Structures are given as structure tokens and as C-alpha cells.
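Report on one structure; see the data block that follows.
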Amino acid sequence: MKRFFKPVEKDGPSKKPCSSSSSSSPAAADGVNAEASPAKAEPLKFLTWNANSLLLRVKNNWAEFSKFIQTLDPDVIAIQEVRMPAAGSKGAPKNPSELKDDTNTSREEKKMLLKALSAPPFGNYRVWWSLSESKYGGTALFVKKEFQPKKVSFSLDRTGSKHEPDGRVILAEFETFLLLNTYVPNNGWKEEENSFQRRRKWDKRVLDFVLNMDKPLIWCGDLNVRYVASGNHQEIDVSHPDFFSNAKLNGYVPPNNEDCGQPGFTLAERRRFSNILSMGKLVDAYRFLHKEQDMESGFSWSGNPIGKYRGKRMRIDYFIVSEQLKGRVLACDIHGRGIELEGFYGSDHCPVTLELSSETSESIVTDGA
């Protein structure tokens, strides 16, 4: 017996692997309504990763990451911080669904990236992009060609032609669930339009989204916040809670105490996030299976190995699922370990994976099973 996902030196739920067939044609770019051939089933194996520049990972870490993907064989790969600019010349309207290629540099970069994505194992996937106007932000969604979604949109408003600023959302609708890939805005440090105010508006829109869903949700990505588990008063999702609580930028102290501290760890953010999960009847899949703190492999983000943030870590990358899907969660694992960023593949975030049982499965999985 073995699992689809095999985290580094870590035990967990087990099940029999099932075979799947994949196309070997190059990855495609873009699309709102997917034109897919009939699929045998829906995807069950998911991976999310903030790549912190997909192009840099292609240049410096691709062989290692490709081997990792080949081994895991996920059905869906959700990427945040693509950091590739959207198509469109200077001063012209941009197309966030296409990679920029109107300059010599952008053409070479696009060529390099698409060449990497056409090679195994990535050639088995179709790719959707939501990109920023500059080398900032951006998301990508890779879906195996045998598991094509019914519809793909790029905003919390679920409007196919509209993209969120900075390419922060890709929403894929499958037959029985929605898959939301987000790169959530960083809270920042100050009471400013592009800091606290932006994050409050985002959190309100996400709450509206989850309250109006018509299907169960799988929400993944860099959510830029540390979760507060109900009834758990221990700070088990950060390595150094006192350090993060007292963090300041250039000595600035926000007027509201709830906004003080490291972005992602302020009380205001954490309360809003907990409210989204509670009101939306959503479950943190990792914490559902892993009840205790794991100082070695329990954090998805790590500070710079050089300087005061060395060894300072948080769990801010997630798979959040609707309660209707909770019973199907077989595994949710974090694949990085230690303060030297093993398994981070050059990023400051490591991959996180989710595995579901098939909808017809009646097996019951418990912690450590």
C-alpha cells in the first residue's frame, strides 16, 4: 500500500494508487470555457506552490522540481507569484491570459518558459494564466488534459473575461466542485490604501464569494495569513510567535493594536480569515489531519536563511475545503523541511499537496492510518 503523495520522511494515510492516462502534447495557454474530451473522473491530487518567479525556477531549479512533479504526479498544479508580465505593448491594453512577447527580452523569456512547460511531465497539462502588467504577482493553473474543467474564470466575481488586479485569482469549475487558486494580497505594515485597506477589501470580497458558492470549494494558494484553529490557543503554525507579534517596519506602530505585527500574523487578519472559514463552512485540510506542531516540516514559508529572519517560519499556504469534502481528505502534506529550505526549490515557499478519495469511496481515513 502506498500513497500518491510521498512527503519527505513523513508517515500518513494510505491508499491504493489508480492508473491514469495523459497526453504528451505541449501545454496550452489560456481559455475561459474549456473544450475538453470526456473525462473518466475528476481530479483528486492537487499541488499548490508560490514559485516566487516561475522563470527563475526554470533557470535555476527546474530539473529538481520536474523530478518532484514526476514522482508526485498531481492532477492539478496551482502556482502563485508567476512574475511574468501580461501580453501587450507599452501603453496598450494588456491581455492577462497571455505571456508578453513584444520585446526581444520578453520573447526570449516566454520561449524559455514554454519550452520548459512542453517537456515531461508538464506537457501533460493544459495551462491557464492570470498575469500582472509587470513582473509581479500572477497565478497559473495546470490541469491534466484528461481532467479539463467546465469553465475557467479569473476573478472573485466569476466573470470569465475579467481578471483581478495583479493576476491574483484563477477559478476552475468542475462537475462537482470549484477550485480556487489565489495569491492573496500581503497585509503590509501601514494604514494605507495598498496595505491594510486593500487586505480588508479583499477579505470582504472572499467572504462574499464563499457565502454565495453553488458547489463545494477547494481553495488553495498563498493565503498570506496564519490560521487560528478553533479551540486551539497555541501558536502551532508559526515557529517564533513572539518575534512575529512584535515585528515592526522602521519602528512604525499602527494605531490599532489588532494591526500590529508581522503581515500574515496580525490579529485583525487572523480573525477575518477565521470568520471566512466559519461562515463559509470551510475546513483547513492540513490541520484537519495534523493536530500537533511539526517544527521540522510544518511550515510552508521560511524567512531568508541569512539575517534576522533565519529560521523564522509560518504556515501560510493552504488547502481549504468545504465541509462536504472533509470526509474525502486522505492526505494534506507540506513538502519543505528545516531552516535551510530543503524542498523549497529556490522559492521562499514550499509545495503543499492535497489528496482526495473518489466521490464514491466509502473508506474512512483517520490520522496516522
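Please get the size of the charge dipole for the stretch 52-126, origin at its Cα centre, with Cβ charges of +1 on Lys and Arg and -1 on Asp and Glu, quoted in debye to the nearest 20.
Values: 12 positive and 9 negative charges, 48 e Å.
Dipole about the Cα centre, nearest 20: 240 debye.
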### Query
R0 = 51 Å: FRET efficiency of ASN275 with THR103, Cβ-based, nearest 0.05?
0.70
### Task
Note down the relative contact order for the stretch 250-340 as a percent, whole number, built from C-alpha pairs under 8 angstrom at least six residues apart.
28
### Message
At 7 Å along Cα-to-Cβ for each site, give me the label-to-label distance between GLU323 and LYS291 in nm.
### Response
2.0
#### Entry: Cα-projected label distance for TYR136 with ARG198, points at 7 Å along beta-carbon direction, nm
0.6
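How high is the relative contact order of the stretch 76-194, in percent, with contacts defined as C-alpha pairs under 8 Å that are six or more residues apart? Could you put the intermediate results ahead of the total?
Values: 241 pairs, mean separation 29.5, N = 119.
Here the relative contact order equals 25 percent.
Just to verify a number: FRET efficiency for SER89 and LYS115, C-beta to C-beta distance, R0 = 25 Å, to 0.05? Numbers along the way, then the final one.
Values: r = 23 Å, r/R0 = 0.93.
Once the sixth-power term is evaluated, E becomes 0.60.
Once fully extended, how much extra length lies between ARG205 and LYS150, figured as 0.36 nm per residue of separation less the alpha-carbon to alpha-carbon distance?
Details: separation 55, 0.36 × 55 = 19.80 nm, distance 2.35 nm.
Roughly 17.4 nm would be gained on extension.
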### Message
I need the shape label for the stretch 99-165. Rule: rounded when a/c is under 1.5, else prolate if a/b > b/c, else oblate, with a, b, c from the alpha carbon gyration tensor.
### Response
oblate
### Query
For ASP222, which sequence-distant residues (separation of 5 or more, or a different chain) have an amide H within less than 5 Å of its own amide H, given hydrogens modelled in the peptide plane?
THR182, VAL184
### Message
Along the Cα→Cβ direction, 7 angstrom out, place labels at LYS190 and ASN212. What is the inter-label distance in nm?
### Response
3.3
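Where a number appears in this text, it was derived from the coordinates with a stated rule and is not lab data. Not measured: the values here are computed from a predicted model. Neighbour counts run over all protein chains shown; Cβ positions are idealised from the backbone, glycine included.
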